[in-house]
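The structure under discussion appears below in the form of structure tokens.
The values are calculated or read from the model by the stated rules, or taken from the named source; none is laboratory data. Note that the structure is predicted; figures quoted are calculated from it, not measured. Virtual Cβ from ideal backbone geometry, glycine too; neighbours counted across all protein chains shown.
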């Protein structure tokens with residue numbers, strides 16, 4: 001019996017880059033086939049060819065032994081192929097049902113959208129495959145993990161039998177990953193076949209039936225989880241031995257660089273999401289913040305970098321108070337004041353924020369000028385201008401300073417030389433410095449941000465999800481660079497949903513739950529189980545004895 005899907009000799013070249021070089025891949029029916037490789041190895045390009053977004057230069061696609069031509073996504077969908085992209089393709093202001101039926105709308109009486117029948121089918125699919133999604137919920141209100149379920153429902157609604165999942169766990173918490181794997185196994189148990197693109201080795205071993213590794217656009221091997229190890233897979237991906245653990249010397253702690261006292265922050269809906277947070281980071285020290293995503297980490301980082309107005313508290317960088325550095329408009333603050341007038345304490349905090357903004361308001365640039373580097377959580381929203389070329393994105397925060405600018409005029413040759421050095425040093429895989437950054441893989445977009453922030457003198461590094469979307473070789477490199485910054489005397493604040501990353505990098509670990517710092521512990525005196533318990537709102541025995549104040 002032929003495979004449900006087979007790719008034979010697929011090649012695809014772009015200007016300056018051979019993305020796929022005669023790639024062969026077979027997917028058996030009812031199989032989870034993991035496609036593994038570095039950033040830029042050709043994984044996403046290969047799947048974009050299968051989904052009809054690219055046309056191959058050479059090679060054939062066979063479905064159930066029959067050669068087919070896939071010229072666009074409609075051809076792919078008609079042949080039972082569906083794809084969930086790394087960055088979700090959902091419209092936040094529409095409901096789940098409206099997103100799912102978009103493009104294949106149900107019509108009743110020849111004129112009106114049949115929303116009710118579509119919602120019933122969405123609910124039926126969700127129940128059948130254990131996806132647990134409310135059809136009438138607005139997408140913008142859903143956690144990231146639930147939004148991903150909506151993307152899968154979109155494929156099942158269109159009767160896809162072959163599911164392509166491109167980096168599906170890149171934005172999920174460990175708990176959401178476990179739930180997601182249950183969903184995938186349920187899909188396979190009911191006859192679906194899955195191509196799972198990832199670079200996370202533990203997930204590969206946990207979920208795969210078979211594993212194909214790409215390197216530099218070529219297949220370097222196919223294996224099974226019971227025939228390999230994480231270390232062997234990493235070596236296949238990168239072509240050399242990779243250190244999978246963080247190696248560092250004991251910290252040499254100096255003066256305080258960042259001091260946060262009683263910081264409280266609201267989100268866009270007026271909810272208090274950071275509550276009286278207090279901590280400090282010193283020279284030569286890494287403080288890692290652990291917590292399930294959605295417990296205030298995002299808003300905390302925004303307040304520290306001037307992207308959001310704190311309600312109360314103090315933030316000092318190198319002894320200078322920066323608590324007024326806010327992006328919340330006066331109109332937003334006045335609206336919150338009206339909505340919360342009856343709450344005396346909240347009213348006082350909002351009035352204080354209005355006063356802070358009035359006498360000391362500035363912009364995030366002023367924070368960066370104090371020697372702060374920022375790797376944001378959402379690279380596409382807060383870290384890059386997607387339509388700009390790679391070269392311009394590498395100087396987004398220094399383009400107005402010498403030597404990039406002279407008398408207010410951008411020095412393009414200087415910018416080009418600096419960008420070329422960053423691309424080489426940080427191994428950014430791009431056809432050209434003039435390539436729009438939107439066309440790079442997610443991992444290479446992250447490298448652009450890291451290269452920009454690490455390649456200038458800094459005293460404080462604030463990094464949220466610094467290795468999200470990166471392969472093992474790049475993760476090893478970024479971890480080494482973070483440790484180098486710490487050893488050079490830089491203070492580092494790291495927030496990551498990867499608990500292994502937090503525990504490996506950190507000298508101290510601050511656990512955040514429900515907007516509060518519930519414990520700050522030496523990394524070498526706490527276990528993963530104890531951190532996990534605190535992240536879930538539990539209590540650690542003898543926490544008071546081990547806490548660092």
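If you take the residues in the range 155-186 that are part of a strand (DSSP E or B) and at pLDDT 90 or above, which one is farthest from residue 533 (Cα to Cα)?
Of everything passing the filter in the range 155-186, 162 is farthest from residue 533 (Cα to Cα).
Just for the range 119-148: of the residues that are assigned to a helix (DSSP H, G or I) and more than 17 Å from residue 91 (Cα to Cα), which one is nearest to the chain's Cα centre (by Cα)?
Only one residue fits best here, namely 126.
With respect to residue 492, determine if the residue is over 29 Å from residue 47 (Cα atoms) and touching a residue at least 40 places away in the same chain (Cβ under 8 Å).
For residue 492, the condition - over 29 Å from residue 47 (Cα atoms) and touching a residue at least 40 places away in the same chain (Cβ under 8 Å) - is met.
Report, by residue number, each residue of the range 271-282 that is in contact with a helix residue (DSSP H, G or I) (Cβ under 9 Å, 6 or more places away or on another chain) and surrounded by fewer than 22 Cβ atoms within 10 Å (Cβ to Cβ).
Matches in the range 271-282: 272, 273.
Is it the case that the range 210-233 has a residue that's farther than 20 Å from residue 46 by Cβ, at pLDDT 90 or above and buried (at least 18 other Cβ atoms within 10 Å of the Cβ)?
yes
Can you tell me which residue among 373, 327 is part of a loop (DSSP other than H, G, I, E, B) and either more than 22 Å from the chain's Cα centre (by Cα) or modelled with pLDDT of 90 or more (or both)?
327
Look at residue 202 and say whether it is touching a residue at least 12 places away in the same chain (Cβ under 8 Å), in a loop (DSSP other than H, G, I, E, B) and surrounded by fewer than 19 Cβ atoms within 10 Å (Cβ to Cβ).
no
Take residue 360 and tell me if it is closer than 22 Å to residue 258 by Cα and modelled with pLDDT of 85 or more.
It is false that residue 360 is closer than 22 Å to residue 258 by Cα and modelled with pLDDT of 85 or more.
Looking at the range 396-422 only, could you name the residues that are buried (at least 18 other Cβ atoms within 10 Å of the Cβ), under 28 Å from residue 41 (Cβ atoms) and touching a helix residue (DSSP H, G or I) at 6+ places or on another chain (Cβ under 7 Å)?
Across the range 396-422, the qualifying residues are 419, 422.
Just checking, does the range 264-276 include any residue being under 16 Å from residue 493 (Cα atoms), assigned to a strand (DSSP E or B) and at pLDDT 90 or above?
No, every residue in the range 264-276 fails to be under 16 Å from residue 493 (Cα atoms), assigned to a strand (DSSP E or B) and at pLDDT 90 or above.
Just wondering, is there one or more residues in the range 84-95 that are surrounded by fewer than 23 Cβ atoms within 10 Å (Cβ to Cβ) and closer than 16 Å to residue 216 by Cα?
Checked the range 84-95: no residue is surrounded by fewer than 23 Cβ atoms within 10 Å (Cβ to Cβ) and closer than 16 Å to residue 216 by Cα.
Here is a list of conditions, (1) without any contact (Cβ under 8 Å) to a residue 24 or more places away in the chain; (2) farther than 30 Å from residue 24 by Cα, and residue 302 meets all of them except one; can you say which number that is?
(1)
Taking the range 278-296, which residues are within 16 Å of the chain's Cα centre (by Cα) and assigned to a loop (DSSP other than H, G, I, E, B)?
Of everything in the range 278-296, those that are within 16 Å of the chain's Cα centre (by Cα) and assigned to a loop (DSSP other than H, G, I, E, B) turn out to be 291, 292, 293, 294.
In the set 152, 81, 125, 77, which member is out of contact with any helix residue (DSSP H, G or I) (no Cβ under 6 Å at 6 or more places or on another chain), surrounded by 15 or more Cβ atoms within 10 Å (Cβ to Cβ), modelled with pLDDT of 90 or more and under 16 Å from residue 183 (Cβ atoms)?
Just one listed residue meets the conditions, 152.
Take the residues of the range 177-194 that are touching a helix residue (DSSP H, G or I) at 6+ places or on another chain (Cβ under 7 Å) and in contact (Cβ under 8 Å) with a residue 60 or more places away in the chain: which is surrounded by the most Cβ atoms within 10 Å (Cβ to Cβ)?
194
Name the residues in the range 410-426 that are closer than 22 Å to residue 477 by Cβ and outside any helix (DSSP H, G or I), would you?
Of everything in the range 410-426, just one residue is closer than 22 Å to residue 477 by Cβ and outside any helix (DSSP H, G or I), namely 426.
Working only within the range 234-270, note down all residues that are surrounded by 20 or more Cβ atoms within 10 Å (Cβ to Cβ), touching a helix residue (DSSP H, G or I) at 6+ places or on another chain (Cβ under 9 Å) and more than 30 Å from residue 208 (Cα to Cα).
Matches in the range 234-270: 258, 260, 263, 264, 265, 266.
Can you pull out the residues in the range 285-314 that are surrounded by fewer than 21 Cβ atoms within 10 Å (Cβ to Cβ) and at pLDDT 90 or above?
None; the set is empty.
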